[in-house]
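Notes follow the structure.
All of the numbers you see were taken from the coordinates with simple rules; none came from a lab. Just so it is clear, the structure is predicted and the values come from calculations on it, not from any experiment.
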């Protein structure tokens with residue numbers, strides 16, 4: 001397992017964790033971008049629930065993204081559900097985009113460790 005496209009050094013250094021915290025605090029904007037793909041997010045919070053809309057843009061002018069899959073693991077404290085736009089069927093055309101909704105529900109208090 002692991003995060004595709006992110007080095008183990010980045011994950012282990014804590015930079016990935018800090019990136020996630022910064023992304024949540026930002027609310028709306030670009031989460032990730034390189035020469036091939038951009039991931040944008042818009043978040044809304046109400047009480048113990050959150051809805052995060054993700055937009056995955058294929059920046060490549062010739063090559064489609066195939067088998068796009070977005071997962072989010074639930075924990076004892078957080079129930080997470082990802083709903084990828086069924087029209088995309090896991091494929092993003094060159095210069096195209098796909099949308100996903102991440103539903104998050106906080107079930108109990110948790111420590112930031």
Handout entry: Between segment 55-102 and segment 26-48, the Cα center-to-center distance that results, in Å
Key = 13 Å
Completion exercise
Taking a ≥ b ≥ c as the square roots of the eigenvalues of the Cα gyration tensor, with a/c under 1.5 meaning rounded and otherwise prolate when a/b exceeds b/c and oblate if not, segment 33-113 is prolate
